[in-house]
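Here the structure comes first, spelled out in C-alpha coordinates, and everything after it is commentary.
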Amino acid sequence: MKNVLRDLKSEKDFKFKKRSIAALLTVGIILPSAVAVADQQEHPDAETYKPSPVPDRVLLGWEGDTATTQSVSWRTDESVTSPVAEIAVAEEGPNFTSETSTIEAETSEEIEANLGYTSQYHTVNFEGLEPDTQYLYRVGDGANWSEWYEFTTASEEDEPFSFIYMGDAQNDIKEHWSRVMRSAYSDLSEASFIVHAGDMINHGDADEQWGEWYESAGWINGMIPSIATAGNHEYYRITNGPNTLSEYFGPQFAYPGNGPEGLEEQVGYWDYQDMRIISLDSNTGHVDIDQQAEWLDEVLENNPNKWTVITFHHPIFSSGEGRDNVALREAVLPVIEKHNVDLIFQGHDHTYARGHLSNEEDGEKEYSTGTMFVNSVSGPKMYNRSEVVWEENNAYVRSGAEDTQMYQHIYVDGDELKYESYNALGEIYDEFTMTKQSDGQKIITETEGSEEPVESTIEEVKTQVDELLAAGDISSEDTARHLKTHLNSVAHYQENQSVDKAINHMNSFIELLQVIKEEQLITENAFNVLKASAEELIEQWR
(Lines give C-alpha, C1' and ligand atoms only; values in the text may rest on other atoms or scores of the structure.)
Protein backbone atom coordinates (compact mmCIF):
# COMPACT_ATOMS: atom_id res chain seq x y z
CA MET A 1 0.00 0.00 0.00
CA LYS A 2 2.81 2.45 0.83
CA ASN A 3 4.34 1.85 -2.60
CA VAL A 4 0.99 2.60 -4.23
CA LEU A 5 0.62 5.82 -2.24
CA ARG A 6 4.17 6.81 -3.13
CA ASP A 7 3.52 6.24 -6.83
CA LEU A 8 0.32 8.26 -6.65
CA LYS A 9 2.19 11.08 -4.90
CA SER A 10 4.84 11.13 -7.64
CA GLU A 11 2.08 11.31 -10.24
CA LYS A 12 0.50 14.19 -8.31
CA ASP A 13 3.82 16.10 -8.25
CA PHE A 14 4.26 15.49 -11.98
CA LYS A 15 0.78 16.72 -12.85
CA PHE A 16 1.28 19.83 -10.70
CA LYS A 17 4.52 20.67 -12.50
CA LYS A 18 2.92 20.08 -15.89
CA ARG A 19 0.12 22.48 -15.05
CA SER A 20 2.67 25.05 -13.81
CA ILE A 21 4.56 24.91 -17.11
CA ALA A 22 1.35 25.22 -19.09
CA ALA A 23 0.44 28.27 -17.01
CA LEU A 24 3.72 29.94 -17.98
CA LEU A 25 2.82 29.60 -21.64
CA THR A 26 -0.51 31.35 -21.16
CA VAL A 27 0.80 34.43 -19.33
CA GLY A 28 -0.75 37.53 -20.84
CA ILE A 29 -3.49 35.62 -22.66
CA ILE A 30 -7.05 36.45 -21.58
CA LEU A 31 -9.21 33.38 -21.99
CA PRO A 32 -12.94 33.74 -22.76
CA SER A 33 -13.85 32.15 -19.43
CA ALA A 34 -11.95 34.88 -17.58
CA VAL A 35 -14.44 37.49 -18.78
CA ALA A 36 -17.34 35.45 -17.44
CA VAL A 37 -15.63 35.01 -14.06
CA ALA A 38 -15.07 38.76 -13.78
CA ASP A 39 -18.84 39.32 -14.04
CA GLN A 40 -19.62 37.03 -11.10
CA GLN A 41 -20.49 38.47 -7.70
CA GLU A 42 -18.67 37.15 -4.64
CA HIS A 43 -20.97 35.23 -2.32
CA PRO A 44 -21.30 37.09 1.03
CA ASP A 45 -19.29 35.68 3.93
CA ALA A 46 -22.34 36.15 6.15
CA GLU A 47 -24.17 33.59 4.01
CA THR A 48 -21.21 31.28 3.43
CA TYR A 49 -20.32 30.83 7.10
CA LYS A 50 -23.70 31.25 8.78
CA PRO A 51 -24.45 28.35 11.18
CA SER A 52 -27.55 26.15 11.03
CA PRO A 53 -29.05 23.43 13.23
CA VAL A 54 -26.84 20.95 11.37
CA PRO A 55 -23.49 20.53 13.20
CA ASP A 56 -20.29 21.81 11.61
CA ARG A 57 -16.75 22.76 12.74
CA VAL A 58 -16.29 19.43 14.51
CA LEU A 59 -12.97 19.30 16.37
CA LEU A 60 -11.34 16.70 18.63
CA GLY A 61 -9.18 17.48 21.65
CA TRP A 62 -8.50 16.28 25.17
CA GLU A 63 -9.65 17.56 28.54
CA GLY A 64 -8.39 14.49 30.38
CA ASP A 65 -6.47 11.24 30.10
CA THR A 66 -5.62 10.57 26.45
CA ALA A 67 -6.11 6.80 26.87
CA THR A 68 -9.58 6.90 28.44
CA THR A 69 -11.20 10.23 27.41
CA GLN A 70 -11.82 12.25 24.26
CA SER A 71 -13.28 15.71 23.94
CA VAL A 72 -15.21 16.98 20.91
CA SER A 73 -16.52 20.46 20.12
CA TRP A 74 -18.86 21.55 17.34
CA ARG A 75 -20.96 24.50 16.19
CA THR A 76 -24.66 25.06 15.51
CA ASP A 77 -26.98 28.04 15.39
CA GLU A 78 -28.79 29.24 18.52
CA SER A 79 -31.94 27.20 17.79
CA VAL A 80 -30.32 24.02 19.15
CA THR A 81 -31.34 23.48 22.78
CA SER A 82 -30.43 19.82 23.37
CA PRO A 83 -26.94 19.18 21.93
CA VAL A 84 -25.75 15.59 22.34
CA ALA A 85 -23.16 13.15 21.03
CA GLU A 86 -23.41 9.42 20.35
CA ILE A 87 -20.47 7.03 20.61
CA ALA A 88 -19.82 3.33 20.07
CA VAL A 89 -16.90 0.97 19.68
CA ALA A 90 -16.13 0.70 15.97
CA GLU A 91 -17.14 -2.47 14.14
CA GLU A 92 -16.54 -3.79 10.63
CA GLY A 93 -20.14 -3.05 9.60
CA PRO A 94 -23.10 -0.78 10.44
CA ASN A 95 -24.44 -2.76 13.40
CA PHE A 96 -22.49 -0.61 15.88
CA THR A 97 -25.45 1.80 15.88
CA SER A 98 -27.36 -0.60 18.14
CA GLU A 99 -24.65 -0.28 20.80
CA THR A 100 -24.31 3.50 21.03
CA SER A 101 -24.24 5.63 24.17
CA THR A 102 -25.69 9.15 24.22
CA ILE A 103 -23.93 11.94 26.13
CA GLU A 104 -25.36 15.40 26.68
CA ALA A 105 -23.12 18.40 25.99
CA GLU A 106 -21.40 19.61 29.15
CA THR A 107 -21.08 23.18 27.85
CA SER A 108 -22.70 25.36 25.19
CA GLU A 109 -21.33 28.86 24.65
CA GLU A 110 -22.79 31.57 22.42
CA ILE A 111 -20.54 33.76 20.28
CA GLU A 112 -21.78 36.90 18.54
CA ALA A 113 -19.99 36.74 15.20
CA ASN A 114 -18.65 39.79 13.41
CA LEU A 115 -20.87 38.81 10.45
CA GLY A 116 -24.13 39.50 12.28
CA TYR A 117 -25.27 36.11 13.51
CA THR A 118 -24.97 34.09 16.74
CA SER A 119 -23.18 30.74 16.90
CA GLN A 120 -23.27 28.12 19.63
CA TYR A 121 -20.22 26.00 20.41
CA HIS A 122 -20.96 22.74 22.20
CA THR A 123 -18.56 20.39 24.00
CA VAL A 124 -18.84 16.76 25.01
CA ASN A 125 -16.16 14.89 26.93
CA PHE A 126 -16.31 11.13 26.38
CA GLU A 127 -15.11 9.35 29.53
CA GLY A 128 -14.52 5.77 30.61
CA LEU A 129 -13.13 4.73 27.22
CA GLU A 130 -10.93 1.70 26.66
CA PRO A 131 -7.25 2.39 25.82
CA ASP A 132 -5.97 1.66 22.32
CA THR A 133 -9.52 1.24 21.00
CA GLN A 134 -11.19 2.60 17.88
CA TYR A 135 -14.48 4.45 18.39
CA LEU A 136 -17.14 5.96 16.14
CA TYR A 137 -19.08 9.06 17.19
CA ARG A 138 -21.41 11.71 15.85
CA VAL A 139 -22.79 14.98 17.22
CA GLY A 140 -26.17 16.64 16.85
CA ASP A 141 -29.48 17.31 18.57
CA GLY A 142 -31.43 14.11 18.00
CA ALA A 143 -32.85 15.30 14.68
CA ASN A 144 -29.88 16.87 12.92
CA TRP A 145 -26.63 14.90 12.97
CA SER A 146 -23.09 15.08 11.68
CA GLU A 147 -21.62 12.09 9.87
CA TRP A 148 -19.95 9.37 11.93
CA TYR A 149 -16.34 10.23 12.73
CA GLU A 150 -13.76 7.91 14.23
CA PHE A 151 -10.80 8.15 16.60
CA THR A 152 -8.49 5.77 18.47
CA THR A 153 -7.59 6.24 22.12
CA ALA A 154 -3.97 6.25 23.25
CA SER A 155 -2.38 3.06 24.51
CA GLU A 156 -1.45 2.61 28.16
CA GLU A 157 1.75 0.97 26.97
CA ASP A 158 4.86 2.53 25.42
CA GLU A 159 3.72 1.84 21.84
CA PRO A 160 5.09 3.61 18.72
CA PHE A 161 3.07 6.64 17.60
CA SER A 162 3.37 9.67 15.33
CA PHE A 163 2.01 13.20 15.12
CA ILE A 164 1.95 16.32 12.93
CA TYR A 165 3.28 19.80 13.75
CA MET A 166 2.08 22.89 11.85
CA GLY A 167 3.35 26.48 12.06
CA ASP A 168 1.24 29.55 11.23
CA ALA A 169 -1.64 29.14 8.78
CA GLN A 170 -2.91 32.72 9.30
CA ASN A 171 -3.55 34.25 5.85
CA ASP A 172 -5.36 33.12 2.68
CA ILE A 173 -6.18 29.97 4.59
CA LYS A 174 -8.63 28.34 2.19
CA GLU A 175 -6.59 29.36 -0.84
CA HIS A 176 -3.08 28.35 0.26
CA TRP A 177 -3.10 26.48 3.60
CA SER A 178 -5.62 23.81 2.65
CA ARG A 179 -3.26 21.86 0.39
CA VAL A 180 -0.53 21.83 3.05
CA MET A 181 -2.88 20.52 5.74
CA ARG A 182 -4.26 17.84 3.44
CA SER A 183 -0.81 16.79 2.27
CA ALA A 184 0.35 16.52 5.88
CA TYR A 185 -2.58 14.22 6.66
CA SER A 186 -2.34 12.22 3.41
CA ASP A 187 1.28 11.35 4.16
CA LEU A 188 0.58 10.47 7.81
CA SER A 189 -3.07 9.48 8.17
CA GLU A 190 -2.20 7.38 11.24
CA ALA A 191 -1.07 10.50 13.17
CA SER A 192 -2.23 10.48 16.80
CA PHE A 193 -2.64 14.27 17.07
CA ILE A 194 -1.77 17.62 15.45
CA VAL A 195 0.17 20.42 17.16
CA HIS A 196 -0.70 23.92 15.90
CA ALA A 197 1.89 26.50 17.01
CA GLY A 198 -0.42 29.53 16.94
CA ASP A 199 -1.77 32.06 14.44
CA MET A 200 -4.29 29.66 12.98
CA ILE A 201 -6.08 32.76 11.67
CA ASN A 202 -5.26 36.46 11.11
CA HIS A 203 -7.91 38.06 13.36
CA GLY A 204 -9.14 36.18 16.40
CA ASP A 205 -12.73 37.45 16.12
CA ALA A 206 -13.16 36.99 12.33
CA ASP A 207 -15.68 34.18 11.95
CA GLU A 208 -15.02 33.91 8.21
CA GLN A 209 -11.34 33.19 8.90
CA TRP A 210 -12.21 30.45 11.38
CA GLY A 211 -14.62 29.16 8.75
CA GLU A 212 -11.78 28.91 6.23
CA TRP A 213 -9.57 27.16 8.79
CA TYR A 214 -12.20 24.50 9.41
CA GLU A 215 -13.03 24.14 5.73
CA SER A 216 -9.36 23.68 4.84
CA ALA A 217 -8.86 20.78 7.24
CA GLY A 218 -12.40 19.45 6.85
CA TRP A 219 -13.16 16.12 8.49
CA ILE A 220 -9.50 15.73 9.54
CA ASN A 221 -10.34 17.91 12.57
CA GLY A 222 -12.99 15.41 13.61
CA MET A 223 -10.65 12.41 13.28
CA ILE A 224 -7.33 13.57 14.78
CA PRO A 225 -7.17 15.59 18.05
CA SER A 226 -5.68 19.08 17.91
CA ILE A 227 -3.38 20.70 20.46
CA ALA A 228 -3.39 24.42 19.68
CA THR A 229 -1.31 27.16 21.27
CA ALA A 230 -2.32 30.82 21.24
CA GLY A 231 -0.48 33.13 18.84
CA ASN A 232 -0.58 36.90 18.72
CA HIS A 233 -3.21 36.79 15.98
CA GLU A 234 -5.53 34.86 18.26
CA TYR A 235 -5.53 38.17 20.16
CA TYR A 236 -5.90 40.57 17.19
CA ARG A 237 -9.42 41.84 16.43
CA ILE A 238 -11.22 43.41 13.51
CA THR A 239 -14.14 44.67 15.63
CA ASN A 240 -14.00 47.38 18.28
CA GLY A 241 -12.66 46.39 21.67
CA PRO A 242 -9.42 45.47 23.40
CA ASN A 243 -7.12 42.78 22.01
CA THR A 244 -8.03 39.92 24.31
CA LEU A 245 -7.72 36.20 23.59
CA SER A 246 -10.24 35.21 20.94
CA GLU A 247 -13.62 34.21 22.30
CA TYR A 248 -13.42 31.28 19.89
CA PHE A 249 -10.30 29.79 21.50
CA GLY A 250 -11.70 28.24 24.68
CA PRO A 251 -14.92 26.80 23.21
CA GLN A 252 -13.02 25.23 20.30
CA PHE A 253 -9.71 23.96 21.70
CA ALA A 254 -9.85 21.61 24.68
CA TYR A 255 -7.39 22.17 27.53
CA PRO A 256 -7.12 19.88 30.58
CA GLY A 257 -7.39 22.70 33.15
CA ASN A 258 -3.99 21.94 34.71
CA GLY A 259 -2.35 25.25 33.75
CA PRO A 260 -1.42 28.22 35.96
CA GLU A 261 -4.22 29.98 37.80
CA GLY A 262 -6.20 32.19 35.41
CA LEU A 263 -4.65 30.62 32.30
CA GLU A 264 -6.25 27.16 32.43
CA GLU A 265 -7.91 27.56 29.00
CA GLN A 266 -4.69 28.47 27.16
CA VAL A 267 -1.81 26.88 29.09
CA GLY A 268 -1.57 23.22 30.04
CA TYR A 269 -0.05 19.81 29.40
CA TRP A 270 -1.11 16.42 28.05
CA ASP A 271 0.53 13.03 28.54
CA TYR A 272 0.32 10.84 25.45
CA GLN A 273 1.83 7.41 26.13
CA ASP A 274 5.48 8.20 26.99
CA MET A 275 5.47 11.87 25.91
CA ARG A 276 4.43 15.04 27.72
CA ILE A 277 3.21 17.84 25.43
CA ILE A 278 3.13 21.29 27.03
CA SER A 279 1.54 24.43 25.60
CA LEU A 280 2.47 27.94 26.81
CA ASP A 281 1.02 31.33 25.91
CA SER A 282 4.03 33.39 24.75
CA ASN A 283 2.07 36.63 24.26
CA THR A 284 3.98 38.50 26.93
CA GLY A 285 1.97 41.68 26.39
CA HIS A 286 -1.16 39.88 27.58
CA VAL A 287 -0.08 37.18 30.03
CA ASP A 288 2.51 36.73 32.78
CA ILE A 289 5.40 34.71 31.32
CA ASP A 290 7.20 34.54 34.68
CA GLN A 291 4.14 32.87 36.20
CA GLN A 292 4.20 30.33 33.37
CA ALA A 293 7.94 29.73 33.76
CA GLU A 294 7.46 28.92 37.45
CA TRP A 295 4.59 26.57 36.59
CA LEU A 296 6.65 24.99 33.78
CA ASP A 297 9.53 24.26 36.15
CA GLU A 298 7.17 22.34 38.43
CA VAL A 299 5.52 20.46 35.54
CA LEU A 300 8.92 19.37 34.22
CA GLU A 301 10.20 18.49 37.68
CA ASN A 302 7.32 16.03 38.06
CA ASN A 303 7.40 14.59 34.56
CA PRO A 304 7.51 10.77 34.45
CA ASN A 305 7.64 10.58 30.65
CA LYS A 306 10.65 9.74 28.48
CA TRP A 307 9.95 12.47 25.91
CA THR A 308 8.97 16.12 26.34
CA VAL A 309 7.71 18.59 23.72
CA ILE A 310 6.84 22.23 24.43
CA THR A 311 4.94 24.42 21.99
CA PHE A 312 4.43 28.18 22.06
CA HIS A 313 4.11 30.77 19.34
CA HIS A 314 7.01 33.24 19.63
CA PRO A 315 10.46 31.67 19.08
CA ILE A 316 13.18 31.57 21.73
CA PHE A 317 15.60 32.24 18.86
CA SER A 318 13.87 34.26 16.16
CA SER A 319 14.47 33.38 12.52
CA GLY A 320 12.54 36.38 11.16
CA GLU A 321 14.54 39.43 10.21
CA GLY A 322 14.48 42.14 12.91
CA ARG A 323 12.69 40.06 15.55
CA ASP A 324 13.74 39.07 19.06
CA ASN A 325 11.66 37.85 22.02
CA VAL A 326 13.96 38.80 24.89
CA ALA A 327 11.46 38.58 27.79
CA LEU A 328 10.29 35.14 26.69
CA ARG A 329 13.85 33.83 26.32
CA GLU A 330 14.99 35.17 29.69
CA ALA A 331 12.02 33.62 31.49
CA VAL A 332 11.67 30.24 29.76
CA LEU A 333 15.05 29.21 28.33
CA PRO A 334 16.71 28.56 31.74
CA VAL A 335 13.85 26.20 32.63
CA ILE A 336 14.11 24.40 29.27
CA GLU A 337 17.86 23.93 29.71
CA LYS A 338 17.55 22.87 33.34
CA HIS A 339 15.24 19.99 32.41
CA ASN A 340 16.89 19.11 29.09
CA VAL A 341 13.61 19.34 27.13
CA ASP A 342 13.69 17.42 23.84
CA LEU A 343 11.80 19.55 21.30
CA ILE A 344 10.41 23.09 21.11
CA PHE A 345 7.81 23.80 18.38
CA GLN A 346 7.23 27.48 17.50
CA GLY A 347 5.85 29.72 14.74
CA HIS A 348 5.47 33.49 14.29
CA ASP A 349 8.51 34.24 12.10
CA HIS A 350 7.11 32.94 8.78
CA THR A 351 10.39 31.23 7.96
CA TYR A 352 11.86 27.83 8.77
CA ALA A 353 14.74 27.24 11.17
CA ARG A 354 15.84 24.20 13.12
CA GLY A 355 18.80 24.09 15.49
CA HIS A 356 20.14 24.03 19.03
CA LEU A 357 22.46 25.73 21.47
CA SER A 358 25.81 25.22 19.80
CA ASN A 359 28.00 22.42 21.09
CA GLU A 360 29.42 20.94 17.89
CA GLU A 361 31.40 22.16 14.92
CA ASP A 362 29.57 23.12 11.75
CA GLY A 363 29.12 20.15 9.45
CA GLU A 364 28.92 17.35 12.02
CA LYS A 365 26.24 14.81 11.11
CA GLU A 366 26.15 12.88 14.40
CA TYR A 367 26.40 14.73 17.67
CA SER A 368 24.99 15.05 21.17
CA THR A 369 22.83 17.99 22.11
CA GLY A 370 20.25 19.25 24.55
CA THR A 371 17.05 20.79 23.19
CA MET A 372 16.19 21.03 19.49
CA PHE A 373 14.34 24.25 18.61
CA VAL A 374 12.12 24.54 15.51
CA ASN A 375 10.37 27.55 13.98
CA SER A 376 8.05 26.71 11.09
CA VAL A 377 5.32 28.15 8.86
CA SER A 378 2.57 26.30 7.00
CA GLY A 379 0.65 29.23 5.49
CA PRO A 380 1.58 31.58 2.61
CA LYS A 381 2.70 34.67 4.57
CA MET A 382 6.51 34.86 4.29
CA TYR A 383 9.29 36.96 5.85
CA ASN A 384 13.02 37.27 5.20
CA ARG A 385 15.09 34.82 7.21
CA SER A 386 17.84 35.83 9.63
CA GLU A 387 20.18 33.90 11.96
CA VAL A 388 21.34 36.97 13.91
CA VAL A 389 19.41 36.15 17.11
CA TRP A 390 20.63 32.55 17.01
CA GLU A 391 24.26 33.65 16.63
CA GLU A 392 24.03 36.34 19.32
CA ASN A 393 22.81 33.69 21.79
CA ASN A 394 25.35 30.99 20.92
CA ALA A 395 22.77 28.93 19.04
CA TYR A 396 23.41 27.07 15.81
CA VAL A 397 20.97 26.73 12.88
CA ARG A 398 21.15 23.24 11.39
CA SER A 399 18.59 23.86 8.65
CA GLY A 400 16.72 26.93 7.41
CA ALA A 401 14.47 28.16 4.61
CA GLU A 402 12.36 31.09 3.52
CA ASP A 403 9.46 31.42 1.05
CA THR A 404 8.60 27.78 1.76
CA GLN A 405 5.42 26.39 3.31
CA MET A 406 6.24 23.48 5.61
CA TYR A 407 4.68 20.71 7.64
CA GLN A 408 6.37 18.30 10.02
CA HIS A 409 5.95 14.61 10.88
CA ILE A 410 7.33 13.20 14.14
CA TYR A 411 7.61 9.47 14.85
CA VAL A 412 8.22 8.15 18.38
CA ASP A 413 9.33 4.58 19.01
CA GLY A 414 10.83 3.76 22.40
CA ASP A 415 14.23 5.45 22.71
CA GLU A 416 14.12 6.88 19.18
CA LEU A 417 12.37 9.98 17.81
CA LYS A 418 12.38 10.68 14.07
CA TYR A 419 11.66 14.20 12.80
CA GLU A 420 10.83 15.00 9.16
CA SER A 421 10.01 18.40 7.64
CA TYR A 422 8.31 18.58 4.24
CA ASN A 423 7.59 21.43 1.84
CA ALA A 424 4.16 22.09 0.31
CA LEU A 425 4.91 19.70 -2.58
CA GLY A 426 5.35 16.85 -0.11
CA GLU A 427 9.12 16.78 -0.67
CA ILE A 428 11.31 16.17 2.34
CA TYR A 429 13.41 19.20 3.26
CA ASP A 430 14.97 18.43 6.62
CA GLU A 431 15.17 15.42 8.95
CA PHE A 432 17.01 14.00 11.92
CA THR A 433 16.79 11.15 14.40
CA MET A 434 17.11 11.74 18.15
CA THR A 435 18.14 8.71 20.24
CA LYS A 436 17.93 8.68 24.04
CA GLN A 437 20.84 6.99 25.81
CA SER A 438 20.52 5.15 29.13
CA ASP A 439 22.18 8.09 30.91
CA GLY A 440 19.67 10.57 29.42
CA GLN A 441 22.07 11.92 26.81
CA LYS A 442 20.60 12.52 23.35
CA ILE A 443 22.38 11.61 20.12
CA ILE A 444 21.29 13.37 16.95
CA THR A 445 21.88 11.72 13.59
CA GLU A 446 21.45 14.06 10.62
CA THR A 447 22.37 11.48 7.96
CA GLU A 448 24.15 8.15 7.77
CA GLY A 449 26.12 9.22 4.71
CA SER A 450 27.88 6.83 2.35
CA GLU A 451 31.39 6.09 1.10
CA GLU A 452 30.61 7.58 -2.30
CA PRO A 453 27.97 10.30 -1.79
CA VAL A 454 25.54 10.20 -4.68
CA GLU A 455 24.57 13.82 -4.11
CA SER A 456 27.85 14.81 -5.81
CA THR A 457 26.66 13.00 -8.95
CA ILE A 458 23.36 14.87 -8.73
CA GLU A 459 25.43 18.03 -8.56
CA GLU A 460 26.99 16.96 -11.86
CA VAL A 461 23.52 16.73 -13.42
CA LYS A 462 22.74 20.22 -12.11
CA THR A 463 25.99 21.39 -13.70
CA GLN A 464 24.79 19.85 -16.97
CA VAL A 465 21.62 21.93 -16.65
CA ASP A 466 23.70 25.11 -16.32
CA GLU A 467 25.86 24.17 -19.30
CA LEU A 468 22.83 23.38 -21.47
CA LEU A 469 21.27 26.71 -20.47
CA ALA A 470 24.45 28.55 -21.49
CA ALA A 471 24.46 26.67 -24.81
CA GLY A 472 20.89 27.66 -25.58
CA ASP A 473 19.51 24.11 -25.24
CA ILE A 474 17.30 25.21 -22.31
CA SER A 475 14.94 28.06 -23.12
CA SER A 476 15.14 30.15 -19.94
CA GLU A 477 16.59 30.50 -16.45
CA ASP A 478 13.11 29.73 -15.03
CA THR A 479 13.08 26.34 -16.77
CA ALA A 480 16.62 25.59 -15.57
CA ARG A 481 15.72 26.58 -12.02
CA HIS A 482 12.66 24.34 -12.14
CA LEU A 483 14.79 21.36 -13.17
CA LYS A 484 17.40 21.99 -10.47
CA THR A 485 14.74 22.38 -7.77
CA HIS A 486 13.48 18.91 -8.63
CA LEU A 487 17.03 17.54 -8.50
CA ASN A 488 17.45 19.12 -5.04
CA SER A 489 14.46 17.08 -3.89
CA VAL A 490 16.04 13.89 -5.23
CA ALA A 491 19.30 14.76 -3.44
CA HIS A 492 17.48 15.15 -0.09
CA TYR A 493 16.05 11.64 -0.37
CA GLN A 494 19.35 10.12 -1.49
CA GLU A 495 21.34 11.90 1.20
CA ASN A 496 19.11 10.33 3.84
CA GLN A 497 19.17 6.92 2.14
CA SER A 498 15.50 6.95 1.13
CA VAL A 499 16.41 5.04 -2.02
CA ASP A 500 12.88 4.19 -3.18
CA LYS A 501 11.79 7.82 -2.87
CA ALA A 502 14.92 9.02 -4.69
CA ILE A 503 14.20 6.62 -7.57
CA ASN A 504 10.55 7.66 -7.76
CA HIS A 505 11.45 11.35 -7.82
CA MET A 506 14.12 10.78 -10.47
CA ASN A 507 11.57 8.93 -12.60
CA SER A 508 9.23 11.89 -12.28
CA PHE A 509 12.19 14.10 -13.28
CA ILE A 510 12.42 12.11 -16.52
CA GLU A 511 8.67 12.56 -17.04
CA LEU A 512 9.11 16.28 -16.45
CA LEU A 513 11.83 16.38 -19.11
CA GLN A 514 9.42 14.77 -21.57
CA VAL A 515 6.73 17.37 -20.83
CA ILE A 516 8.97 20.40 -21.19
CA LYS A 517 10.46 18.96 -24.39
CA GLU A 518 6.94 18.72 -25.82
CA GLU A 519 6.39 22.33 -24.74
CA GLN A 520 9.61 23.21 -26.60
CA LEU A 521 11.27 24.55 -23.48
CA ILE A 522 14.33 22.31 -24.00
CA THR A 523 15.92 20.89 -27.15
CA GLU A 524 16.13 17.23 -28.14
CA ASN A 525 19.82 17.31 -27.22
CA ALA A 526 19.15 18.59 -23.69
CA PHE A 527 16.44 15.98 -23.23
CA ASN A 528 18.75 13.13 -24.28
CA VAL A 529 21.68 14.31 -22.13
CA LEU A 530 19.68 14.81 -18.94
CA LYS A 531 17.57 11.67 -19.42
CA ALA A 532 20.71 9.55 -19.86
CA SER A 533 22.25 10.99 -16.68
CA ALA A 534 19.03 10.40 -14.69
CA GLU A 535 18.74 6.81 -15.89
CA GLU A 536 22.39 6.18 -14.99
CA LEU A 537 21.75 7.34 -11.42
CA ILE A 538 18.64 5.19 -11.10
CA GLU A 539 20.63 2.18 -12.23
CA GLN A 540 23.34 2.89 -9.63
CA TRP A 541 20.80 3.16 -6.82
CA ARG A 542 19.16 -0.13 -7.71
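In a shell of Cβ-Cβ distance under 12 Å around Arg138, excluding Arg138 itself, what net charge do Lys and Arg (+1) and Asp and Glu (-1) give? Computed value for this residue: -4. Each residue was assigned an accessible area with a 1.4 Å probe, and for Val287 the value is about 20 Å². Farthest toward the positive end of the dipole of the range 496-542, out of Ile510, Ala526, Leu537, is the Cα of Leu537, where the dipole comes from beta carbon charges about the Cα centre. Rounded, prolate or oblate: which one fits the range 230-345, using the alpha carbon gyration tensor with axes a ≥ b ≥ c (rounded when a/c is under 1.5, else prolate when a/b beats b/c, else oblate)? It comes out oblate by the Cα gyration axes. Rounded to two decimals, the Cα radius of gyration of the range 282-347 over 2.2 N^0.38 Å is 1.11. Dividing the summed -39500 (n - 2.57) terms of all DSSP H runs of n ≥ 4 by the residue count of the chain sets its mean residue ellipticity at 222 nm at -9500 deg cm²/dmol.
Oblate is the label for the range 82-191, because a/c, from the alpha-carbon gyration tensor with a ≥ b ≥ c as root eigenvalues, is 1.5 or above and a/b does not exceed b/c. The calculated P(r) of the range 274-409, using every Cα pair and 5 Å bins from 0, goes 2, 10, 20, 23, 21, 16, 7, 2, 0 in percent.
Projecting each Cα onto the charge dipole of the chain (Lys/Arg +1, Asp/Glu -1 at the beta carbon, about the Cα centre), which of Asn423, Gly370, Pro160 comes out farthest on the positive side? Toward the positive end, the furthest listed residue is Asn423.
Percent of Cα pairs in the range 176-286 per distance bin of 10 Å, from zero to the largest separation: 13, 44, 34, 8, 0. The angle between the Cα long axis of helix 178-187 and the longest principal axis of the Cα atoms of the chain comes to about 80 degrees, rounded to the nearest 10. The C-alpha atoms of the chain define a longest principal axis, and helix 477-495 lies at about 70 degrees to it.
Model label points for Asp290 and Asn393, set 7 angstrom from Cα along the Cα-to-Cβ axis, are 1.9 nm apart.
Placing +1 on the Cβ of every Lys and Arg and -1 on the Cβ of every Asp and Glu, with no other charges, gives the range 45-86 a dipole of roughly 20 debye about its Cα centre. Using the Cβ-Cβ distance between Ile238 and Glu110 with R0 set to 30 Å, the FRET efficiency works out to roughly 0.95. Checked against a 28 Å cut-off, the cross-linked pairs Lys365/Lys462; Lys418/Lys501; Lys174/Lys442; Lys381/Lys462 give Cα-Cα distances beyond that limit for Lys174/Lys442; Lys381/Lys462.
When only the Cβ of Lys, Arg, Asp and Glu is charged (+1, +1, -1, -1), the dipole of the range 257-322 relative to its Cα centre reaches about 320 debye. Could you tell me how far the Cα centroid of the range 293-342 sits from the Cα centroid of the range 48-109, in Å? Here the answer is 34 Å between Cα centres.
Pairs of Cα atoms under 8 Å, at least six residues apart: use those to get the relative contact order of the chain, whole percent. That works out to 12 percent.
Across the alpha-carbon atoms of the chain, the computed radius of gyration and Dmax are 24.7, 73 angstrom. For the chain, a crude dipole built from +1 on the beta carbon of Lys and Arg and -1 on the beta carbon of Asp and Glu, taken about the Cα centre, is about 1500 debye to the nearest 20.
The values are calculated or read from the model by the stated rules, or taken from the named source; none is laboratory data. Since we're looking at a predicted model, the values are computed, not measured. All Cβ positions, glycine included, derive from the backbone under ideal geometry; neighbour counts span all protein chains shown. Quick note on the areas: whole protein, heavy atoms, side chains included, nothing else; ligands and nucleic acids left out. Shrake-Rupley method; radii C 1.70, N 1.55, O 1.52, S 1.80 Å.
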